[in-house]
Amino acid sequence: MNTLVFSREELLADHPFAKPHEEAGYTLHGGFLADGSYHSPKCLNREPAVAAWQDQLTARGWPLIDASQDMLQRASFPNLEQEVLLLKHGMGENFWNALTVTGFTEARGRALCEFDAPDWQDLITEDISQTCTGHLHKGLMYAHGADEGGDPDIPEKGAHDAMWFAARDLILGKDAYPIPEIPDVVSRPQEGPLFPDLPETNSAVLGILMNVLMIELRAEAFFSFCCNVLRHPETFLDRKDDAEMAARMIERIRIDEAIHVGYLVTTLSEMRSFTFKLNNGSTKPGNELLDPVWNELVQWHGYTVYDESEKKTYEALKPRVLAQENGEALLAEFDALATK
């Protein structure tokens, strides 16, 4: 098997699982090997493929784009101390809502399974048959969607949406509160195509890849926050075992997400190294085409969306806090714990 060229079947192949993944009444994707370690679905060849494509790219002198948490300059809201304060006073709705919204948002990712990803070779002058970009339409985007919202071919197994709900149910209960409003979009709003010099479909897909990568980075910060809340010594005192199981569930999602960040970083880094054919018949280096748009998206996801979300969350949370016994004092304590 060529280590740089893979079939769709190879990219969607599973490890030989010895034990299925079942928790909190949910049958879930992925599984456990004979040694008890959890492994993500469809990663037998997907992980080594992405690693090989990254090695090839860096050997050509092109670095991988930055996809670290340093790109996110805003802390979670509420922050850890504020969330712990709410939970200590019996106010679990905010945390329940956050887990619920995340589950519904993950479910939408299944749309990537039905997305007709274009073959980028028509737009790129270099041969991309042995690259990550050249495999987007050969199962990579499908596998991503299946991880998020469930594989349409295996409907009996839940994916990240069900895993977030399972973690929520373990600690707070399935129907503890009404389902909150689910945001319509989590991508940067825009007027017109991000890349007007490219065909409309390619411009849309490239925008999706960039936005989804930033969403994955924001999700990584949320994983850490949730696990810290669940394992905090002052939370869920009467169900520590359930809280630990919920944290492990989220850590498995985190394991699954690593390959998403991996292939997205690889694809966008490769595209920076390619030469693109434009609508007007001319060509343009990929880094000159992508970098300005990427920098704008980093600014929006790293700053703007956090500020907007914090304001909206505080406005919804404030009356619930004030409705508690000694609500004014509780709100003052909550505000005093704000991240400076």
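Throughout, read-outs are computed from the coordinates displayed, never taken from laboratory work. Note that the structure is a prediction, hence the values are computed from the model and not measured. No Cβ is skipped: glycine too gets one built from the backbone with ideal geometry, and neighbour counts run over all protein chains shown.
How about the range 317-340: which of its residues are free of Cβ contacts under 8 Å to residues at least 60 places away in the same chain and exposed (fewer than 14 other Cβ atoms within 10 Å of the Cβ)? Listed by number, the residues that qualify are PRO319, LEU322, ALA323, GLU325, ASN326, GLU328, ALA329, ALA332, ASP335, ALA336, LYS340.
Of all residues in the range 101-110, those satisfying the criterion of being surrounded by 19 or more Cβ atoms within 10 Å (Cβ to Cβ) and either of a type in the set (D, E, K, R) or under 16 Å from PRO78 (Cα atoms) (or both) are THR102, GLU106, ARG110.
One line per residue, one yes/no per condition, for (1) surrounded by fewer than 20 Cβ atoms within 10 Å (Cβ to Cβ); (2) touching a Pro at 6+ places or on another chain (Cβ under 9 Å); (3) touching a residue at least 40 places away in the same chain (Cβ under 8 Å); (4) polar (S, T, N, Q):
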position: MET271; (1), (2), (3), (4): no, no, yes, no
position: ASN295; (1), (2), (3), (4): yes, no, no, yes
position: GLN299; (1), (2), (3), (4): yes, no, no, yes
position: TYR314; (1), (2), (3), (4): yes, yes, yes, no
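Select from the range 147-194 the residues that are part of a loop (DSSP other than H, G, I, E, B) and either surrounded by 21 or more Cβ atoms within 10 Å (Cβ to Cβ) or among the charged types (D, E, K, R) (or both) and list them in ascending order. Across the range 147-194, the qualifying residues are GLY150, ASP151, ASP153, GLU156, LYS157, ALA159, LYS174, ASP175, GLU181, ASP184, ARG188, GLU191. Of ASP335, ASP307, ASP242, ASP291, all but one fail to be of a type in the set (D, E, K, R), closer than 20 Å to LEU64 by Cβ and in a helix (DSSP H, G or I); the exception is ASP291.
The rows are residues; the columns are (1) charged (D, E, K, R); (2) over 16 Å from the mean Cα position of the chain (by Cα); (3) farther than 20 Å from SER40 by Cα.
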| position | (1), (2), (3) |
| --- | --- |
| LEU230 | no, yes, yes |
| PRO233 | no, yes, yes |
| ASP241 | yes, yes, yes |
| ALA247 | no, yes, no |
| ARG252 | yes, no, no |
| ASP256 | yes, no, no |
| VAL261 | no, no, no |
| MET271 | no, yes, yes |
| ASN287 | no, yes, yes |
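Among the residues of the range 196-213, the one identified as crowded, with 18+ Cβ neighbours inside 10 Å and in contact with a Lys or Arg (Cβ under 8 Å, 6 or more places away or on another chain) is ASN211.
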